[in-house]
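Written out below as structure tokens is the structure these notes cover.
The values are calculated or read from the model by the stated rules, or taken from the named source; none is laboratory data. These figures come from a predicted structure and were not determined experimentally. Please note: Cβ atoms are built from the backbone with ideal geometry, for glycine as well, and neighbour counts cover all protein chains shown. Keep in mind that these areas ignore ligands, DNA and RNA; they rest on the heavy atoms of the full protein, side chains included. Shrake-Rupley method; radii C 1.70, N 1.55, O 1.52, S 1.80 Å.
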Amino acid sequence: MTGQPEQEERASVGQDLAARIESLAQKRDRAAFEALFRHFAPRLKTYFLRSGTAGDAEADEMVQETMLLVWRKAALFDRRKAGATTWIFTIARNIRTDARRRSRSSPALLADCSKEMEWMPDPVSGADDLLASAQQEAGLHEAFATLSLAQRQVLDLAYFGERSHSEIANRLGIPLGTVKARLRLALARLRTALGCGGCDEG
Amino acid sequence: MRDEAPSRMIRHHPSEATLVSYGAGNLWEAAAVVVGAHLIHCAQCAATVRLAEKVGGAILDSLPPAALAPVMLERAMSRLNEVSSDVAAKADAQHPRRVTAVQGEGHSILPSLLRNAEWRWLAPGIRRAVLLRQPDDGTLHLLRVRSGTALPQHSHRGIELTLVIAGAFVDAAGHYGPDDVAEADEAVSHQPTAEGQDECVCLIATQGRLRFGSLASRLFSAFARI
């Protein structure tokens, strides 16, 4: 397989980041925090800037919030369930959601609901627990390259762009059904790449 | 690890596209509440959401680093002391979701939704409570429909997600029971009818207004405007 050495290197970087998060939990390791900050903070800032609502100063503050949560919640990290980048992505994603909610006055009841979901455990432990998450994440990078440009574009919009598929359809000037089909196909390809084709189908 | 509550077979699920946007944290909020409630009881969809989170991780990792003032690291380091670590959170967080899932016979969010609902009469046999209405986040409704009552034939602008909380309904696409999600988009015009012995309680997320009867045809001219 081409790119195998690169994939192995990515996997080892992933294992290394995971070990640092564990070190935060076990030893309150400030050096590990610094290393994690240097790796993730600049990427997190890009993430928040691309997500639309945040200006430069807000993005900086959201980066701070994310990294402080990494420090606080490190004990919850479980590398069998999620690799380091996936875990930190979910923290950043939740901070973005909170920020959106703060920007309008949302009924408290909805805030409660989503807290409820925040640390949802893995309901189907099994097949994909056995595969190291860091290995999987590394495999995903390679799989991205196999997506068509059109699939990649829709995927990017799903993560960073419009908040409804109808809006994505409008922006691209294609039917809603095509947006949904492209997302489904992109996901199918990534799922196959992760070797969990049997995980679920729907 | 498993939800021990007796679970019926879930037959209808949100689309994968919707689950990806949920995992991406980029779904309009009314829809996110409906999907979140479904996930509590649907391991299959939860697995898809976790895949979307892994994709999110890979995307995050591949983003070009932004310029960050060096002082940012110092600021973060200096704030570590003021943040207490959540050692207690660990024990706390290992089970809470499972507890919620096992405790509640139905949906754990249902009690708070019902407590806050202000029911309004909508039509004979149909009562509705609006829980959220925001331009970018859609409208979240609770609907109680007496068994045997049909909703008017309607279609939608954007997507409509309906989660059955109690009871059942039927439309041209099939029968829907507790935990099932019906996802209807612009192409769908349907007339759901509550069936079974009890009233049907549904949590519904909509974008834009529903379009009834003869208005349905105008939908397509309108949908460019969302």
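Figures for the structure shown
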| read-out | value |
| --- | --- |
| Cβ-defined net charge surrounding residue A:55, 13 Å radius [Lys, Arg +1; Asp, Glu -1] | -2 |
| Solvent exposure ordering (accessible area, 1.4 Å, most first) of A:87, B:121 | B:121, A:87 |
| Within the range A:57-97: Cβ-based charge dipole about Cα centre, in debye rounded to nearest 20 (Lys, Arg +1; Asp, Glu -1) | 400 debye |
| Dipole moment magnitude, nearest 20 debye, the range A:146-195 about Cα centre, only Lys, Arg, Asp, Glu C-beta charged | 180 debye |
| Whole-Hz couplings from phi, Karplus 6.51/-1.76/1.60, listed for the range B:32-48; x for Gly and Pro | 5, 5, 5, 5, x, 5, 5, 4, 4, 10, 10, 5, 4, 5, 4, 5, 5 |
| Radius 9 Å from Cβ of residue A:151, net charge of other residues (Lys, Arg +1; Asp, Glu -1) | +3 |
| Accessible surface ranking that places the most exposed of B:22, B:176 first, with a 1.4 angstrom probe | B:22, B:176 |
| Quarter of Cα convex hull surface for the range A:146-195, i.e. mean projection, nm² | 3.2 nm² |
| Nitroxide proxy distance, nm - points 7 Å out along Cα→Cβ at residue B:77 and residue B:122 | 5.8 nm |
| Positive dipole terminus of the range A:40-105, leading residue within A:90, A:67, A:41 (C-beta point charges) | A:90 |
| Area of residue B:156 that stays accessible when all protein chains are in place (1.4 Å probe, Å², to 10) | 0 Å² |
| Protein heavy-atom accessible area occluded, A/B pair - total, 1.4 Å probe, Å² | 7900 Å² |
| Local electrostatic count at residue B:146 - Lys and Arg +1, Asp and Glu -1, tallied over other residues with Cβ under 12 Å | -1 |
| Of all accessible heavy-atom area on the range A:1-83, the percent that carbon and sulfur account for (1.4 Å) | 49 percent |
